[in-house]
Each structure stands twice: as C-alpha cells, then as structure tokens.
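Working notes, beginning with the structure itself.
Nothing in this text is a laboratory measurement; each read-out follows from the coordinates by a stated rule. The structure displayed is predicted, hence computed values, not measured ones. Cβ placement follows ideal geometry from the backbone for every residue including glycine, while neighbour counts extend to all protein chains displayed.
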Amino acid sequence: MAIDFFPTASGTFSISNTLVSDNGGNGIGVTSTGSGTTSGVLSHVEIAHNFDGIIVHSTTQTVKRSISDSVIANSVFAGIGALSDNE
C-alpha cells in the first residue's frame with residue numbers, strides 16, 4: 001500500500017494535494033480496530049493505477065470519510081471499497 005492508517009482508537013486523517021499511483025496493492029488503506037470513530041478527509045488527491053484505489057476496513061469502529069475535488073481512476077479491482085466485520 002502507498003498510504004496506510006491503522007487507528008486502534010478514535011482518530012483522524014487528512015490527505016491533500018497528493019498523487020498515489022502505480023502500486024501493486026491499495027492506493028490508500030484505512031484499517032481501524034478498537035472503539036470510537038475514525039474520520040478522514042481527502043482533497044485534491046489523484047489515485048490511479050493501483051489494485052484498489054481506497055479501501056476502508058473496520059472491525060468495530062465507525063469510519064467517516066469525505067472526498068472532494070479528487071480523482072480515482074484505472075484501479076484493477078475497486079475504486080472505493082468498504083468492508084466491515086460487524087453483522
């Protein structure tokens with residue numbers, strides 16, 4: 001992965017004016033565990049030619065993200081994916 005974020009409690013992330021490209025894995029990955037809420041903002045980000053563009057995986061947390069003025073293109077699998085272990 002190019003950018004990874006692994007919060008184990010509430011946390012925030014912000015990515016702006018960034019190019020993430022040509023990775024064999026995910027462009028941006030967020031994997032949260034523990035309790036709380038993880039929030040993120042992506043602004044003016046170009047994510048291209050990765051296996052997955054953005055993948056968010058949470059086992060117990062609420063994850064909120066905002067994406068503006070950004071491009072996610074030419075992913076092998078998913079442009080944006082969200083996975084949860086909660087039923």
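Number of residues in the stretch 16-41 that are of a type in the set (A, V, I, L, M) and surrounded by fewer than 22 Cβ atoms within 10 Å (Cβ to Cβ): the value is 2. Filtering the stretch 30-74 to residues that are touching a residue at least 40 places away in the same chain (Cβ under 8 Å) and either within 11 Å of residue 9 (Cα to Cα) or touching a helix residue (DSSP H, G or I) at 6+ places or on another chain (Cβ under 6 Å) (or both) leaves only 61.
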